[in-house]
Amino acid sequence: MPYAAPLDHMRYLLNDVFKAQEHWAQMPAFAQIDSGTVDAILDEGAKLCSEVIAPLNRSGDEEGAQLLDGAVRTPQGFPAAYRQLAEGGWVGLTGDPAFGGQGLPKMLTVLFEEMLFSANSAFTLYPALTSGAALAIHAHASEALKKTWLPKMYSGEWTGAMCMTEAHAGSDLGIMTTRAVPQNDNTYKITGTKIFITGGDHDLTENIVHLVLAKLPDAPAGAKGISLFLVPKFLLDTNGKIAQRNAVTASSLEHKMGIKASSTCVMNFDGATGWLVGEPHQGLAAMFTMMNYERLSIGLQGLGCGEMSYQNAVRYAKERLQGRAAHGAANPQGVADPIIHHADVRRMLLTQRAYNSGSRALAVYVGLQLDQAHHHPDKTIAERAAQRVALLTPVAKAFFTDKGFEA
């Protein structure tokens with residue numbers, strides 16, 4: 001189905017409701033962003049989503065991701081669309097400019113992320129997981145790891161994945177069994193199996209950067225003994241170029257009811273080489289840097305599904321003929337009137353639109369709080385914004401997904 005980004009409402013929120021330019025002027029990182037830049041990002045982002053990514057939604061779901069000879073293949077058209085996304089600089093929109101990111105404000109990029117999820121949820125999970133993984137690396141990894149891995153992730157040349165869950169543990173991460181054994185060269189050998197790994201393997205990029213939760217030999221019992229490791233699909237040579245394959249493989253794909261073009265993998269780590277991210281036994285806190293980002297992102301997935309549902313419903317309601325309008329024939333030359341003229345159909349459509357509009361407004365507001373928490377020079381304002389983020393991120397995820405499902 002065709003997708004048209006609700007650009008008028010997006011601009012209304014940025015310019016009239018939240019007065020984004022006034023906030024950005026107070027934050028040196030965003031002071032250079034003008035209305036022309038914002039309009040260009042929204043217009044070009046909408047064009048990319050409607051013309052390139054949305055047309056792959058149905059065909060991608062029908063074909064699905066496939067595991068062939070130990071490698072995952074995404075549906076036809078996905079690799080080319082991902083290259084276009086990456087070459088346009090869309091993957092690293094909020095990334096640190098010091099490592100090749102665009103450094104754009106979150107209250108703007110949440111709108112592009114909504115467009116992506118509206119156009120094609122399965123496709124969008126690949127760059128969304130990459131952005132979350134890059135955020136965790138930027139917040140917790142050493143400078144050496146950041147310099148090695150972040151530029152290629154921001155450019156979209158490499159993707160990221162989050163490896164938490166194990167079959168016997170579920171959400172009880174404290175009883176995981178994946179192990180990390182220290183080596184003499186400051187690397188670790190990672191051994192274990194993870195399930196439900198979104199984007200664990202695919203053919204969109206030449207490398208995948210896995211963030212893996214595991215336990216060191218001297219780890220305390222329970223969740224306090226979890227560490228975080230960076231484990232790439234391919235190891236690099238001394239020049240930072242792709243070298244030999246790491247001991248990381250996808251053994252199967254999960255069977256799902258939907259978003260089948262997103263490769264949800266069972267991942268095996270058989271003594272794979274990895275590097276510690278952050279401090280030993282502090283992996284859960286580091287991973288939650290990514291998890292908090294993904295909470296808002298998955299909320300935006302719900303909003304995107306709700307918006308696409310609304311657009312399809314309006315289109316159908318204008319075409320479907322049944323009965324006569326209560327105020328008299330709206331289509332007197334036809335056998336019946338479009339059902340959009342019936343009051344209860346309009347009520348349902350307006351309910352969808354109200355939930356979508358309200359969710360979009362909250363998403364922009366949470367984006368503003370994230371921007372202030374990370375970039376505002378006034379520490380009091382930054383701290384208050386961080387507290388609002390902690391409160392509102394789970395609220396946004398729950399509300400957007402619940403109302404997206406209802407829509």
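No value in this document is a laboratory result; all are computed from the given coordinates. This structure is a prediction, so every number in the text was calculated from the model and none was measured. Backbone-built Cβ (ideal geometry, glycine too); neighbour counts: all protein chains shown.
Quick check: Cα centre of segment 392-407 to Cα centre of segment 255-308, how many Å? One Cα centre to the other: 18 Å. Placing +1 on each Lys and Arg Cβ and -1 on each Asp and Glu Cβ, with no other charges, gives segment 7-152 a dipole about its Cα centre of roughly 420 debye.
Can you bin segment 119-190 into rounded, prolate or oblate? Criterion: square roots of the alpha carbon gyration tensor eigenvalues sorted a ≥ b ≥ c, rounded for a/c under 1.5, prolate for a/b above b/c, oblate for the rest.
Details: a/c = 2.55, a/b = 1.13, b/c = 2.26.
Because a/c hits 1.5 or more and a/b fails to exceed b/c, segment 119-190 counts as oblate.
Whole-Hz Karplus values for segment 236-241 come out as 10, 8, 5, 9, x, 9 Hz, taken residue by residue from phi with 6.51 cos²θ - 1.76 cosθ + 1.60 and θ = phi - 60°; glycine and proline positions read x. For the pair segment 65-103 / segment 339-368, the C-alpha centres are spaced 31 Å from each other.
Using R₀ = 22 Å, calculate the FRET efficiency as 1/(1 + (r/R₀)^6) where r is the Cβ-Cβ separation of residue 26 and residue 139; round to 0.05. Approximately 0.45, to the nearest 0.05.
Once you sort the root eigenvalues of the Cα gyration tensor of segment 7-152 as a ≥ b ≥ c, which label holds: rounded (a/c under 1.5), prolate (a/b larger than b/c) or oblate (the other case)?
Numbers: a/c = 2.63, a/b = 1.29, b/c = 2.04.
Taking the square roots of the gyration eigenvalues as a ≥ b ≥ c, segment 7-152 is oblate.
How high is the FRET efficiency from residue 380 to residue 223, r the C-beta distance, R0 45 Å, rounded to 0.05? Approximately 0.90, to the nearest 0.05.
How would you rank 135-145, 337-347, highest first, on the average number of other Cβ atoms within 10 Å across their residues?
On the way: 135-145: 18.5, 337-347: 15.8.
Ranked by mean Cβ neighbours within 10 Å, highest first: 135-145, 337-347.
Centre-to-centre, using Cα atoms only, segment 1-42 and segment 153-228 are separated by 37 Å. Distance between the 7 Å Cα→Cβ label points at residue 257 and residue 51: 3.7 nm.
Before rounding to the nearest 500, sum -39500 (n - 2.57) across all DSSP H runs of length at least 4 in the chain and divide by the residue total; then give [θ] at 222 nm in deg cm²/dmol. Working shown, then result.
On the way: 11 runs with 187 residues, N = 407.
Using -39500 (n - 2.57) per qualifying helix, the result is -15500 deg cm²/dmol.
In the chain, Cα pairs under 8 Å separated by at least six residues give a relative contact order of 17 percent. Name the most mobile residue of 69, 39, 201, meaning the one with the largest mean-square fluctuation, in a Gaussian network model of the chain with Cα contacts below 10 Å. Looking only at 69, 39, 201, the biggest GNM fluctuation is shown by 69. Comparing 82, 316, 126 in a Gaussian network model of the chain (Cα springs below 10 Å), the most mobile by mean-square fluctuation is 316.
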